Amino acid sequence: MTAADGAQAQTRSPEPAPAKIKIVAPASAITWVTLALMTTSSVASLRSAPTMAVYGLTCVFFYVIPAVCFLLPTALVSAELASGWAGGVYRWVSEGLSKPLGFLAVWCQFAMTIFYYPSLLAYVASTFAYVIDPRLAGNGLYTALVIIILYWAGVYISARGTKAVAGLSSAGLVIGTLIPGALLVVLGLIFLGQGNASAAPMTADHLLPQWTGLASLVLIVNNFLAYSGMEMNAVHVSSLRKPATEFPRAMFVSCGLVLVIFIVPALVISWVVPAGNLSLTAGVMQAFDGFFSHFGIGFMTPILGILLIAAALGGMLTWLAGPSKGLLMISRENGYLPPFLQRLNKAGVQQNILVTQGVVTTLIALMYALIPDVSSAYWILSAITTQVYLIVYLLMFVAALRLRRRYPDHPRGFTAPALKTLCTVGFAASAAAMFIGFVPPSQFGDGNLLAYLAIVGGGMGVIGLLVPFLLLKFRRPEWQAEPTTAGGAEQ
């Protein structure tokens, strides 16, 4: 936005609003408990547990701090935005800042999946290794092949517009998160109850991290991505009967549930798997394998592996086409993408976007074959994913402040309390996380610092900033088309 635009914005009249807004419960109203469970299921998973299990009891600190500084601000701020401006993050940033920045936000929301899927499928590969041969869990070539095969299989399914993935995703929460998580906790308690010593110290003096420099805190960045996605669920705020009171209640309950799902399994894993032997991709299966071997039921390891794989693949299929559909709709309306990427196949799916994304994902997957340590490749991809996604939140918090100041009378189903404080804390936390993301984790030891910075910074700069800049710079009027009705996924 130019200075002239800013001056004009200050002199414009506020948006007209009804003198009194009467909130009527929608016909498809949901309860705040339902929304809390929906939010929990979309945010929480077991996949990130090994990342924090290496810290033992200290993982409580690393989960609670991001929850207070990032999770709550994101949930409450996005609730106000979603209840006042339909259309997701593109509409929020476009109205609050500018259309180019709105495109940057929705692009980053899509681009983060380019790095997210390789890290997700690396977890699947390591889990599947425990079904066929645990020695493959640390094999980079095997991991790369699994990522490539499963991703392109997902593209094949998504390109046909199948609806079966919705059922798989819903069942995945139960069979791949709740049941394994509960079983893990029960086995852990029995393990300790039998008098076995925990692999990680569980005394109070290990609750806070020992300061050894920024590298000792870098893993906290991964937790920001673990909590991401709250802005997606904010679109349901209009379905509540009393948004002003029920939405905060749902968010506080979901935050508590998410913390339990994240913290307790991580602690249990630290009880049975020593930090030095823990794999960031296969840590969950390491814990189950250790418990099952201890109790003499090793035949259960492949069964649990299959459950975890089903949940992860269901989530991948559900989200594979969603962000790209939102990008497609906005691009057709505003001409952000070349016509080639806007084309739909016979099933009404943006196949060309998926294929182009798949080519890049394949190249990224080869990192697992080229980097000797699979855990290192997994962490690097997770760090890049976080850096790209944090751009979305930085823009969202600034846009929220601008929209409150410019349109104070705009109808909102929910008004976030202390918005300025929430946005300031959320923005500062996001900026701090972005900075820490450029510091290699302490587990990397004497690894090449410049190489790490080049990969993480280059990945964020090229995918998150350079590509959208070039698309905006070279776009042409003829790229604009009629809005598509396909998909309808919101960003």
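The values are calculated or read from the model by the stated rules, or taken from the named source; none is laboratory data. These numbers were taken from a predicted model, which means no experiment stands behind them. Heads up, the Cβs are rebuilt from the backbone with ideal geometry, glycines too, and the neighbour counts pull from every protein chain shown. Accessible surface is based on the protein model in full, side chains and every heavy atom, while ligands, DNA and RNA are left aside. Shrake-Rupley method; radii C 1.70, N 1.55, O 1.52, S 1.80 Å.
Hey, rough spin-label estimate for K473 and I303, points 7 angstrom out along Cα→Cβ, what's it come to in nanometres? Here the answer is 5.8 nm between the modelled labels.
If you wrap the Cα atoms of segment 225-362 in a convex hull and average its projected area over all directions, you get 13.2 nm². For the pair H410 and R241, the difference between a 0.36 nm per residue extended length and the Cα-Cα distance amounts to 58.9 nm. Remark: relative contact order (segment 33-476) = 36 percent; criterion is Cα-Cα distance under 8 angstrom and separation of 6 or more residues.
Cα-based radius of gyration for segment 84-158, normalised by 2.2 N^0.38 Å, reads 1.60.
Placing a label point 7 Å from the Cα of F295 along the Cα-to-Cβ line, the residues of segment 264-285 whose backbone N sits under 20 Å from it are 264-274, 283-285.
The Cα center of segment 264-286 and the Cα center of segment 109-139 differ in position by 16 Å. When each of the peptides 253-260, 306-313 is scored by the mean number of other C-beta atoms lying within 10 Å of its residues, the order from highest to lowest reads 306-313, 253-260. Placing a pseudo-label 7 Å from each Cα along the Cα-to-Cβ vector at F252 and A29 gives an inter-label distance of 2.1 nm. With all protein chains in place and a 1.4 Å probe, the accessible surface of segment 33-476 carries 70 percent carbon and sulfur. Residues whose amide H comes within less than 5 Å of that of I30, counting only those at least five positions distant or on another chain, are L240, R241 (H built at 1.01 Å from N in the peptide plane).
Over segment 33-476, what number does the Rg to Rh ratio reach, with both radii from the alpha-carbon atoms and Rh per Kirkwood? Could you put the intermediate results ahead of the total?
Values: Rg = 21.3 Å, Rh = 22.4 Å.
Rg/Rh: 0.95.
In sequence order, segment 136-149 has phi-based couplings of 6, 4, x, 8, x, 5, 4, 4, 4, 5, 5, 4, 5, 5 Hz under the Karplus curve 6.51 cos²θ - 1.76 cosθ + 1.60, θ = phi - 60°, and Gly or Pro positions carry x. If R0 equals 45 Å, the separation of the Cβ atoms of A86 and M202 corresponds to a calculated FRET efficiency of about 0.40.
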